[in-house]
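Here, each number is a calculation from the coordinates, and none is a lab measurement. Because the structure is a prediction, the values reported are computed rather than measured. Cβ coordinates were reconstructed from backbone atoms using ideal geometry, including for glycine residues, and neighbour counts include every protein chain displayed.
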Amino acid sequence: MERQQLPNSTLILVFGILSIIGCCCYGVLGIIFGIIALVMAKRATEIYNTEPELYTGYQNVKTGKILAIIGLVLSAISLISSIVMFIVYGGVEGIYEMQEEILREIEQNQ
C-alpha cells in the first residue's frame, strides 16, 4: 500500500514556527499559534501511532511540536513581562513617560 502524508504535518510545522515569531507581538499570537500547533500535533500523533507504516511526515509533526513548546514558553515570558511593565509603570502613559525620559538622557549625553 502507498504511504500517504500525515494530515496537517506541514501546517503543524508552520504553526510551530509562527508561535516563535509571535512571541514578538506581546506574546499573544505566539500563545495562540502554539496551542493550535500542540492540539493538532496531538491528533496527528494519535493517527500516526495507530498505523505508522501508512504515513510519512511524522518528523514535521515532532519538529512542529518542539517549536510550539519553545514558542509557548517565549510567548508566556513576553506576555508576563509586558503585563508587569504595564502594572509597574502605571499603564500606557507611564511607559511613554519612561521612554521619553530615556530619550532625554540620550540626547543630553550626546
**Request:** Please tell me the relative contact order of the chain in percent, rounded to the nearest whole number, where contacts are Cα pairs under 8 Å and at least six residues apart.
**Result:** 34
**Fill in**
Percent of all alpha-carbon pairs of the chain at distances over 18 Å, whole number, is 60
**Request:** Identify the trypsin sites (Lys or Arg not before Pro) of the range 26-110 meeting these criteria: DSSP loop state and at most 16 other C-beta atoms within 10 Å of the C-beta.
**Result:** none
**Asked** 222 nm [θ] for the chain, helices only, -39500 (n - 2.57) per DSSP H run of 4+, per residue, to 500?
**Response** -27000 deg cm²/dmol
**Asked** Based only on Cα atoms, what Rg/Rh ratio does the range 65-109 have, Rh being taken as Kirkwood's radius?
**Response** 1.24
**Asked** Among Val92, Leu67, Thr56, which residue has its Cα positioned farthest towards the positive end of the charge dipole of the range 34-110, with +1 placed on the Cβ of Lys and Arg, -1 on the Cβ of Asp and Glu, and the dipole taken about the Cα centre?
**Response** Thr56
**Request:** Taking amide H positions as placed in the peptide plane 1.01 Å from N, state which residues far from Tyr55 in sequence (5 or more) or on other chains have amide H under 5 Å from it.
**Result:** Gln4
**Asked** Taking only Cα atoms, what is the 0 to 90° angle, nearest 10, from helix 91-109's long axis to the longest principal axis of the chain?
**Response** 60
**Asked** If one takes the longest principal axis of the Cα atoms in the chain, at what angle in degrees, from 0 to 90 and to the nearest 10, does the Cα axis of helix 58-88 lie?
**Response** 20
